[in-house]
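The block underneath contains the structure these notes are about, expressed in structure tokens.
The values are calculated or read from the model by the stated rules, or taken from the named source; none is laboratory data. Everything quoted here is computed from the prediction, not taken from an experiment. Don't worry about glycine lacking a Cβ; one is built from the backbone with ideal geometry, like all the others, and counts go over all protein chains shown. Ligands, DNA and RNA are stripped out before the accessible areas are found, and what is left, the full protein with its side chains, is counted by its heavy atoms. Shrake-Rupley method; radii C 1.70, N 1.55, O 1.52, S 1.80 Å.
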Amino acid sequence: KKLEKEIAANESCLRQIEQTLTQYKEILEECEKLEMEKHDLDELLVVYTDKYKLLERTLKYLKNAQTEFSSRYLKKMNDGFSKYAKLFREDAFDGAALDVKLAVKSDEGGVKRDMGYYSMGLRETMELCTRFSLIDALFEKEQPFVILDDPFVNMDEKSLQGAKEVLAQIAKQYQLIYFTCHPSRQ
């Protein structure tokens, strides 16, 4: 009986050891899985670190390009914008200027307004002035041809007549290719 009690106690102890081994085996498998995930994450960290460094350099170069653009082209573009705006209407865009993003901002009575404030016809006029000023700033020696695809579709007849006169003047400087689908705009 004593031996049977010892055997039973040893079997109970053996079962506990087997349970503990099973638990340790599960923990070991989890650790191995986590070790593999860590290895994958380390590789991913290297990839993302390289991407971060590349993006950091790209940002630096873009900021330099923006500064260069601002100092080199923006003044020329604002002068050109004013020149073309005066061709359309003498007083239409007084106080208007291009910002670094080439968006037109107008100063009317101390209030800064963006293009969304104006009618479609005036917006199209401002956009055309912006494009021609960009062409002037970029092409100092060359004279590129310019393609216009019905840029005055939203203008009334009075504004359209002025736009035609402006195109006639601009055509003296650039070769214009003008597409339209409406007989009144020819």
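Can you confirm whether region 58-74 contains a residue that is open to solvent by less than 70 Å² (accessible area, probe 1.4 Å), in a helix (DSSP H, G or I) and closer than 28 Å to ALA171 by Cβ?
Yes, that holds for at least one residue.
Tell me, which strands (runs of 3 or more DSSP E) lie completely within region 85-156 with 2 or more residues that are open to solvent by 40 Å² or more (accessible area, probe 1.4 Å), at negative phi and in contact with a strand residue (DSSP E or B) (Cβ under 6 Å, 6 or more places away or on another chain)?
So the answer is 111-114, 145-149.
If we keep just the residues of region 165-186 that are in a helix (DSSP H, G or I) and closer than 27 Å to LYS75 by Cα, which is most open to solvent (accessible area, probe 1.4 Å)?
Going through the qualifying residues, I end up with GLU165.
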